Each structure stands twice: as structure tokens, then as C-alpha cells.
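Participant: One structure coming up, written as C-alpha cells, with questions to follow.
Just so it is clear, none of the values below were taken in a lab; they were calculated from the coordinates. Not measured: the values here are computed from a predicted model. Virtual Cβ from ideal backbone geometry, glycine too; neighbours counted across all protein chains shown.
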């Protein structure tokens, strides 16, 4: 799955592209698996889905549209360090505290 899809490097109008608009269907399926996991901890996304989620978190937080500040530096550093599903959950929780919601 991940070999077929590449995360974009462009930010139209400075903002990230929406995960819902990804054309292969792989990223929306990964996000769906992520949401299912939050409801039922036994339904864990596959490794390739976790990779896609990680890539998207990094792409999302590095968009130039976000207001600069210490929280943004922290979130960008945190996204760069994502290595697991638990890291993705923690990143999303902390991003939400600042009004940012990748998924």
C-alpha cells in the first residue's frame, strides 16, 4: 500500500490537502482503521496504515498556514518522532489542544 502512495509536498493556498481527497483510497482506509481502533482497541491498523497515518500527520503539521509559535515547533518535532500508533494518538490529542485536527 505505502509503495503506491506518496504524500504530497505541495500545500495549495498554504494549507494541507485533505486526507478525504486522497485518490487511491489507501489514506481514507487508514484513517477509518484509526477511528475504529479508538472505539475497539482490538481493531488495530496495519503497519502500512500506521505508516500512512504517520506520513499524513507530518505532512499536515508542516503546512505553512499554521501560526508560528512554541506549540507549533513542539508539534512538528513530535510528528517527526512518530514511531507507533500510540505516538499518533498522542500527537492528535496534543494537536487538538491547539485547535488542529489532522483527522
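Participant: Simple spin-label model, 7 Å along Cα-to-Cβ: residue 72 to residue 29 in nm?
Facilitator: 3.5 nm
Participant: While we're here: Add -39500 (n - 2.57) for each DSSP H run of 4 or more in the chain, then divide by its residues: what number comes out at 222 nm, to the nearest 500 deg cm²/dmol?
Facilitator: Estimated from H runs of four or more residues: -16500 deg cm²/dmol.
Participant: Counting alpha carbon pairs within less than 8 Å and at least 6 residues apart, what relative contact order, in whole percent, applies to the range 24-97?
Facilitator: Worked out over the range 24-97, it gives 24 percent.
Participant: Put a dot 7 Å past each Cα toward the Cβ at residue 21 and residue 48; how far apart are the dots in nm?
Facilitator: Simple spin-label model gives 2.5 nm for this pair.
Participant: A further question follows. 7 Å from Cα along Cα→Cβ at both residue 80 and residue 38: what's the point-to-point distance in nm?
Facilitator: 2.6 nm
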